[in-house]
Amino acid sequence: MSPAPLVIVFPLFPGLTQLDFTGPHQFLCRLPGAQIILASAQGGEVEAEGGMVFARTVRLADIDACDLICVPGGYACTDAALDADYLPHVRRLALSARYVTSVCTGSLILGAAGLLKGKRAACHWAWRPMLSAFGAIPDDGRVVRDGHIFTGGGVTAGIDFALTLVAEIAGDAFAQELQLGLEYAPAPSFSAGRPETAPTEVLAAVKARMAPLLDKRFAQVRQAAAAMG
């Protein structure tokens with residue numbers, strides 16, 4: 001007997017960080033019964049940060065329901081959080097999903113949709129404090145679970161997040177088999193992947209590069225939070 005379908009929706013938006021999506025996708029698409037739907041506000045092509053284009057996405061309005069929704073992040077996440085053709089459908093699908101999930105700044109989108117009030121949530125370290133504007137509780141975990149809500153930290157945390165989700169849905173043994181099959185055995189060249197471990201000068205340089213984005217993103221977060229009522 002074939003496993004029951006597990007409908008998984010990735011709601012994409014222009015300017016997303018592709019690894020926020022493609023990392024978890026590589027693992028989640030191998031779940032028994034997985035039916036992956038790539039969606040967007042308008043359907044058709046969606047261009048990610050760096051120029052990678054995802055084609056033949058389905059209009060979010062045309063999807064009735066899903067079992068799991070996984071929202072990626074990206075520099076344009078707060079634009080998506082203010083998109084009237086995008087955010088209401090994320091909220092609608094999430095309200096009936098068994099699993100509501102995000103990677104990186106995708107949690108800001110979940111927050112703007114009113115889905116994280118009183119919930120612990122992860123986010124990229126640089127933008128994590130912004131979760132408070134939506135009534136969420138920022139958590140510095142790489143993978144954070146609060147009930148049926150699973151959130152991952154920045155970008156590469158999406159793979160750890162996906163393995164956690166796979167284990168929840170299909171069991172630890174299956175998750176470990178998948179990890180081995182995909183040879184996920186991270187061994188980074190540097191211990192600079194977290195602000196707590198990065199050299200002081202490296203952290204300062206990254207913060208300086210991100211600084212020009214802060215004012216715009218904070219303004220958009222405040223606007224999205226106000227729109228929540």
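Project the alpha carbons of segment 1-121 onto their principal axes and report the range along each, largest first, in whole Å.
For segment 1-121, the Cα extents along the three principal axes come out at 44, 36, 25 Å.
Enter the Cα centre distance for the pair segment 173-229 and segment 24-72, rounded to the nearest angstrom.
22
Bin by bin, in steps of 5 Å, what percent of the Cα pairs in the chain do you find, going until the bin that has the longest distance?
1, 7, 15, 19, 21, 17, 11, 6, 2, 0, 0, 0
Rounded to the nearest 500, what is the chain's calculated 222 nm mean residue ellipticity when only DSSP H runs of at least 4 contribute -39500 (n - 2.57) each, over all residues? Display every interim value, and only then the final one.
Working: 7 runs with 84 residues, N = 229.
Using -39500 (n - 2.57) per qualifying helix, the result is -11500 deg cm²/dmol.
What residues have an amide H closer than 5 Å to that of ARG120, excluding those fewer than 5 places away on the same chain, when H is modeled at 1.01 Å from N in the peptide plane?
When sequence neighbours closer than 5 places are left aside, the close amide H contacts are ILE137.
Among SER189, SER40, SER132, which comes first, then next, by fewest other beta-carbon atoms within 10 Å?
SER189, SER132, SER40
Out of every Cα-Cα pair in segment 97-229, what percent are more than 17 Å apart?
Values: 5496 of 8778 pairs.
For segment 97-229, the fraction of Cα-Cα distances above 17 Å is 63 percent.
Under the classification rounded if a/c is under 1.5, otherwise prolate if a/b is larger than b/c and oblate if not, where does segment 69-164 fall, given a ≥ b ≥ c as square roots of the Cα gyration tensor eigenvalues?
Numbers: a/c = 1.36, a/b = 1.20, b/c = 1.14.
Rounded is the answer for segment 69-164, as its axis ratio a/c remains below 1.5.
Every number here is computed from the coordinates shown, using simple stated rules; none is lab data. This one's a predicted model, so the numbers in the text were calculated from it and none came from an experiment. Positions of Cβ are generated from backbone atoms using ideal geometry, with glycine treated the same way; all protein chains shown enter the neighbour counts.
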